[in-house]
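Please read the structure below before turning to the comments.
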Amino acid sequence: MLELLDSVQERQQCFDLLCSSWSSEYRQRGGSIHCAKGCSGCCSLVVNCTFPEAMLVAATLDQQQRTQLNAQIARIKQAADSSASLKDWLHAYRFGAGPCPFLEQTGACGAYRSRPLSCRSLLATKEPAWCVIDFATLTGNEKQTFMELLDRSAVAFPTHYAATPQEIGQELEEATLRQMETVYGFSLLGSLPWLVWLELEHQLSSRLTEGRDAVQEYLRAKGVTNPFLIVLS
């Protein structure tokens with residue numbers, strides 16, 4: 001496991017270098033990246049990650065952060081259990097279960113150094129106000145105006161988030177999943193706070209050597225399985 005975690009940290013460091021280079025080049029072309037400490041709009045979104053990434057976050061949390069996580073777990077489970085579709089889940093998390101339990105009152109990330117690739121790769125090319133808008137409430141004309149203002153050469157259309165960092169992050173995340181499959185015979189990913197909680201509350205990493213079926217059965221017995229929260233493959 002230590003080798004796997006070391007590899008994850010190396011991938012995160014590699015991503016940060018590649019992302020910094022891309023952002024610099026994008027700014028030189030006249031683009032703007034509006035992410036900054038305290039903006040926190042994207043911290044209300046569902047964040048999925050690999051289990052090793054969640055383990056790194058779990059290892060950094062202090063008691064207050066663990067208490068905040070525990071206080072939110074029931075809302076996260078309720079949101080997932082009440083969702084009939086992915087669209088339902090995304091909405092229920094953002095407007096019912098969220099924001100991220102690791103978000104500090106100042107709007108800063110309380111797990112910034114160990115945050116997963118899915119967080120690192122979400123870079124906004126428009127002002128932070130756009131990160132908190134519920135697009136379901138916009139009129140057709142407002143949505144059209146927004147999309148017309150997007151830099152299609154840079155964004156993951158129709159969002160205002162940069163595409164290249166997400167593509168790099170996904171490739172590195174898939175590398176972690178492949179490595180986990182090599183080590184344990186299966187991979188595990190899911191909701192960031194849920195996976196962190198499973199590690200802290202159930203020491204899930206200690207069960208990985210038992211194999212996929214045993215881990216799956218343990219999670220079922222504890223009543224902590226939900227396809228929106230955790231996926232074994």
Rounded to the nearest 10 degrees, the helix 212-222 long axis (Cα) sits at an angle to the longest Cα principal axis of the chain of 90
Phi-derived 3J(HN,Hα) across the stretch 87-93 with the Karplus relation (6.51, -1.76, 1.60, θ = phi - 60°), rounded Hz, x for Gly and Pro, is 4, 4, 5, 4, 6, 5, 5
Residue-ordered couplings for the stretch 172-177, obtained by feeding phi - 60° into the Karplus form 6.51 cos²θ - 1.76 cosθ + 1.60 and rounding to whole Hz (Gly and Pro as x), are 6, 5, 5, 5, 5, 5
Helix-only [θ] at 222 nm, the chain, -39500 (n - 2.57) per DSSP H run of 4+, per residue, nearest 500, equals -16500 deg cm²/dmol
Any residue on another chain or 5+ positions along whose placed amide H is under 5 Å from the amide H of N48 is listed here as L192
Output ordering of 219-228, 181-190 (per-residue mean of other Cβ within 10 Å, highest first) is 181-190, 219-228
Which of [x] 19.1, 62; [y] 18.1, 54; [z] 18.3, 63 is the computed Rg and Dmax of the Cα atoms in Å? It is [y]
In degrees rounded to 10, the 0-90 angle between helix 192-202 Cα long axis and the longest Cα principal axis of the chain is 20
Between the modelled labels at L86 and L5 (7 Å from Cα along Cα→Cβ) the distance in nm is 3.1
The long-range amide H neighbours of I230, using H built 1.01 Å from N in the peptide plane and a cut-off of under 5 Å, are S191
Note, L208: beta-carbon cut-off 14 Å, +1 each Lys/Arg, -1 each Asp/Glu, net -4
The chain, Gaussian network, Cα under 10 Å: of P158, P99, P116, the residue fluctuating most is P158
Largest fluctuation, S23, S206, S32 only, Gaussian network model of the chain with Cα springs under 10 angstrom, belongs to S206
The ³J(HN,Hα) series, computed from each phi in the stretch 136-149 with the Karplus coefficients 6.51, -1.76 and 1.60 at θ = phi - 60°, rounded to the nearest Hz and given as x for glycine or proline, is 5, 8, 7, 6, x, 5, 5, 5, 5, 4, 4, 5, 5, 8
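None of the figures in this text is laboratory data; all of them are computed from the coordinates on show. Keep in mind the model is a prediction, meaning the values are calculated, not measured. Virtual Cβ from ideal backbone geometry, glycine too; neighbours counted across all protein chains shown.
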